[in-house]
Each structure stands twice: as structure tokens, then as C-alpha cells.
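Values in this text are rule-based calculations from the coordinates and carry no lab data. What you are looking at is a predicted structure, and each value in this text was computed from that prediction instead of being measured. FYI the Cβ positions are ideal-geometry reconstructions off the backbone, even for glycines, and counts take in every protein chain you see.
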Amino acid sequence: MRILFKGLEDERFIRPLQLITNLFFEESEISITELENPDLLVDFQYEYNHPFITSKAKLIDLKSGNDYVGNYRKDFPPFENEKELFKKIKQAVSHVYVMVMQDFTDITQPWGMLTGVRPTKLLHKKIQEGVSPEVAHKQLKEDYLITDEKIELMRQIVDRQLTMVPDLYQLQNEVSIYIGIPFCPTKCAYCTFPAYAINGRQGSVNSFLGGLHYEMREIGRWLKENKIKITTVYYGGGTPTSITAEEMDMLYEEMYQSFPDVQHIREITVEAGRPDTITPDKLDVLKKWNIDRISINPQSYIQETLKAIGRHHTVEETIEKFHLARNMGMNNINMDLIIGLPGEGVEEFDYTLSETEKLMPESLTVHTLSFKRASEMTRNKKKYKVAGRDEITEMMNNASTWTKEHGYVPYYLYRMKNILGNLENVGYSLPGQESIYNIMIMEEMQTIIGFGCGAASKFVDPVTGKITQFANPKDPKSYNDNFMEYTNKKITILNELFGVAKGV
Ligand code: SF4
């Protein structure tokens, strides 16, 4: 689809308009200046006339000559600077653009004009500002064109989060920790995580673990010295259980020695994502160190699918390892499922749900397949046949109905660009078994310090809430060469962040 926009000179409009266009068309070309043979012409008008911003869009289908018009008016109190005003104007322009595109395509965008990753943050912000739930819901609908159904989902999620973590808005002076172990038995086709096939890399694994122990010791010392508590710890990757039981044992011992007050950390999760890495020895180690929560990820219960996406384990192995973990006392197990894997439709997904019923893990994360730029699947997109928008929506609805019928509640969600059907990933859980780390990462209420490969630290200023990111390298070699430098940089940032907050 080729779309020419009129009435917008400022280049800062291009990105939000492109993101919205992507919600409607898989392939498109847009321009605010000129374009040969456009299919659509969208003429915008906007104005700030204190105290209102008004915007109007007229979309003309140049093939049929049909047109569609959208109008919007929003009161806007005095603003501090041009940037703030432009942000509001951009929202007003995006608003009318979504209106006319919905009319033209007959597609209702469930998330309206939102293209961001964390819609629930909007609702938390309103609650923190003291807006009543009714008014907040009305504003979400009117300002962002979110459907009632998605607003209800946001409401349920925010309620669950505040039930599980009643002091969520007061945790800014604590931190959570993410530890990235960048190894897996083999690489899956859709994967963009830092994950290197572990076989034949023992040298690299040893050096990596050396660096990781160093980071844990040094930052752990800083946390102790500054009396900063840890709320949650999450081992991800890669697959943290792809290292040996002895290596895991030493790592958790380091955690207990170096981190402050480990007994009072609210939750420690280890992703044991790939069932082919789980052994009785490793489960013993997890139990020994009181790891609360693990993840065993089937993704699908269809063997052909697992083969097609490069997961070299069997469906039986997932089930068998789940029972093994259960029998060995693991009582908080998460399982990840993916909607829209190649070759899968409603029937296959329903089958996966019916298999899940036999296991009833404490939590279930339902992802929708996303074509991330760096994955093998995206590079060879033609090779993989995936379901269309309507079928994806049906599967999503089935997941929502199924989880409800089986006693699960939604407790976090996030969205991604290029996600099939422009839907979302939802974490469901049996009430009381929600992952606190997942809530922390989604709602960005506190700093999360990343250790290891590909671990992105997110520093949230305890006073202003401003977020600064810092990423460790993705590949073990760069990490092994420079881990001391990365550790020092993070300590410098932490000093600034918490020093200011305490008035030091
Ligand atoms: S198991 Fe997870 S991290 Fe490892 S390759 Fe597969 S998707 Fe990537």
C-alpha cells in the first residue's frame, strides 16, 4: 500500500504514522512529501488553540474515489515546552489517522493507536495520579481508541499486579536482578536471544562463568554496602540449565554469598526452558538453593512444529520433565506457549491447550509469534507458513477462554512490533502464583540490573522515574574480554542513581 500524506511538514510525524500503517498493512510505503502512484491520500489539519488541540484527517481512496473523515478535539492544559506540545499534536494526528484507517480497512485495532510495548503502564500512571478507575478507563478509550475488551484486560492485569505486589509503587528503592546465560543445546529458528549452541564451547562457558561470578560479587558488594534490597532474581538466557549441575551449584552459591539478604528475596526464577537440559541432578541443585520458580517451555505439543522451528526435543520429553520436576518438589512451574507457529492453526493450538490441561502448570505465558528482524525465521520468511490475522485472533481468544475456564488470571502483558495480528503476549497464572519479576520488568517501577550476556540493565530513577538503559554485549567473547568494564560502568550509574535519591 502506498500512502501519501498532506498537511504534515515535520519529519517527526513519519515514525508514528509508519508504525500505525504497519498495524493495517504488512507492506507499505509512506511519504509526507511526494510519492509516485499512491493508493491513498490522507490530508491532515491540526491546530492548537488554547485550551484545545483539534485534528482532522480526510482519507481518499484514489482507486475508488471514496473518502473517509475523522475529527478529534482534546483539551490540553498549558504546556512547558515545544516538545511537549508536539507530542500532543502527534497524538492528535495519530488519533484521526487510526480513525480513518479503521473505516477504510474495516479493521478495528484492539489497541487503538497504541503501538508501544507496555499498555498497562498507562493505567498504572493514571492510578498513581489519583484518577478513579472509571475515569481512567474512559480516558483510555477516548484518547487512545482502545477497545472495551482490551481495557478490561488491562484492568484485570493491573488489579492482579497490585494484589500480588501491594507495595508496587513503593519499590523504587529496591532492585531486581536479571542474569543472562547465553547458551542453549541448539538454536531455535525464531530465536533472537543471545543463545549459542553449547556443544564444543566449554572454554567459552568457563570464561563466561568467571566473568559472571565477578559481576555478581562486585555488584552484590555494592548492594550490601548501600543497603539496597533485592526484590527478585531471574535467570534467563539462552537456557540457564544448559550449563552443568556443578556449574549451576557454584553459581547459586555465589548468589547466596554475594547478594544481600537472599532469604528475603521475594522470588528467584530459573528458566529451564528447554526440556532437553533438565536432569535430576540439576533439579536437586535448584531445590538445594531454594529456587522458587522454574520455566519449562513446550511452545507447542505438536512434534512436527518443534522440528520445524529447530527445537531438538520431543513432546514426550517436555511432559516427562514436567513430571520429574513436579515429583522432585518444584511447585511453581511456568510453561510458555506460542500462538501462530509455522504450520499451526486453531486445531493445533487447541490440541496444545488440551495437553496443557493434563499438566496444569502454575503459570502459562501465551506468546504470539513475532517476526523479529534477526531471526532465522524472518530471514527465510517464505519458507514458513503461518496463520492469518483472523485465525491468530481466534487462537488468542481460545487461550483467553481456556485459561479462564481453568482458573487462570491474566497478570501481565506486553506487545511487540511485527507481532502477528497486532495482538499481545499475555502471562496467565493461578491466583497467588504470579511471577513478581515479570510484573517488575513490565511495569518498570524499579531498576533491574542485568548480569551476563545480552542482559539489558534498566535503571529507573527512584525520584523522577526516568529510565536509562545499559546493555551488556550479546556474545560471550566480547563479554569475556570486557566484563570488568561493564561492571564498573553499572556501579557508576548505580552510584549516581541512588546517591541522588538519598541526598548523598
Ligand atoms: S531455547 Fe530459547 S533462548 Fe534457546 S535458542 Fe530456543 S528460543 Fe532461543
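Excluding same-chain residues fewer than 8 positions from Lys63, which lysines have a Cα within less than 20 Å of its Cα?
List returned: Lys6.
Which cysteines does the chain leave without a neighbouring Cys Cβ under 4.7 Å?
Cys184, Cys453
Taking 0.36 nm per residue of separation and subtracting the Cα-Cα distance, what length does fully extending Gln128 through Glu320 add?
Details: separation 192, 0.36 × 192 = 69.12 nm, distance 4.50 nm.
Full extension from Gln128 to Glu320 adds 64.6 nm.
Distance from the Cα centre of the range 140-207 to that of the range 315-333, in angstrom?
Using only Cα atoms, the two centres lie 22 Å from each other.
Work from the charge dipole of the chain (Cβ charges, +1 for Lys and Arg, -1 for Asp and Glu, about the Cα centre) and give the residue of Thr464, Thr401, Thr147 farthest towards its positive end.
The Cα lying farthest towards the positive end belongs to Thr464.
By a straight-distance test (C-alpha under 16 Å), which lysines pair with Lys385 as possible cross-link partners, with residues fewer than eight away in the same chain excluded?
Lys307, Lys372
Decide, for the range 118-164, between rounded, prolate and oblate: order the square roots of the alpha carbon gyration tensor eigenvalues as a ≥ b ≥ c, take rounded if a/c falls under 1.5, and otherwise choose prolate if a/b is larger than b/c, else oblate. Intermediate results must be reported in sequence, preceding the final value.
Values: a/c = 1.82, a/b = 1.26, b/c = 1.44.
Oblate.
Tally Lys/Arg at +1 and Asp/Glu at -1 over every other residue whose Cβ is under 15 Å from the Cβ of Ile181; what's the total?
Taking every other residue near Ile181 into account, the sum is -2.
Need one number: % antiparallel among DSSP beta bridges in the chain, to the nearest 5.
Taking every DSSP beta bridge within the chain, about 50 percent pair in antiparallel fashion.
Please give the Cα centre distance for the range 55-131 versus the range 334-365, rounded to the nearest Å.
35
Given Cα pairs under 8 Å that are at least 6 residues apart, what percent is the relative contact order of the chain?
Relative contact order here is 14 percent.
At 7 Å along the Cα-to-beta-carbon direction for both Asp167 and Gln469, put a label point, then send me their distance in nm to one decimal.
Here the modelled spin labels are 3.0 nm apart.
If we count other beta carbons within 10 Å of each Cβ, what is the order of Thr232, Thr368, Thr33, fewest first? Display every interim value, and only then the final one.
On the way: Thr232 27, Thr368 22, Thr33 10.
Arranged by neighbour count, lowest to highest, Thr232, Thr368, Thr33 become Thr33, Thr368, Thr232.
With a Förster radius of 56 Å, plug the Cβ-Cβ distance of Asn199 and Phe86 into 1/(1 + (r/R0)^6) and report the FRET value to the nearest 0.05.
Efficiency, from the Cβ-Cβ distance: 0.60.
How big is the dipole moment of the range 148-203 about its Cα centre under a simple scheme where the beta carbon of each Lys and Arg is +1, that of each Asp and Glu is -1, and everything else is neutral? Debye, nearest 20, please. Before the final figure, lay out the partial values.
On the way: 5 positive and 6 negative charges, 95 e Å.
Its charge dipole is roughly 460 debye.
Take the cross-link list Lys287/Lys489; Lys287/Lys321; Lys90/Lys121; Lys58/Lys90; Lys87/Lys141 and give me the ones stretching past 23 Å between alpha-carbons.
Lys287/Lys489
Could you give the longest part of the chain that holds none of the GluC sites (Glu not before Pro) found in DSSP loops with at most 11 neighbouring Cβ atoms within 10 Å?
130-504
Figure the gain on full extension for Thr54 and Lys288 (residue separation times 0.36 nm, minus the Cα-Cα span) and round it to one decimal in nm. Mind showing how you got there, number by number?
Numbers: separation 234, 0.36 × 234 = 84.24 nm, distance 6.21 nm.
Stretched out fully, the Thr54 to Lys288 stretch lengthens by 78.0 nm.
Roughly how many Å is it from the Cα centre of the range 420-487 to that of the range 240-281, as a whole number?
18
Provide the gained length on full extension for the span Gln263 to Asn327, in nm with one decimal, where the gain is 0.36 nm per separating residue minus the Cα-Cα distance.
Going from the current span to full extension adds 20.6 nm.
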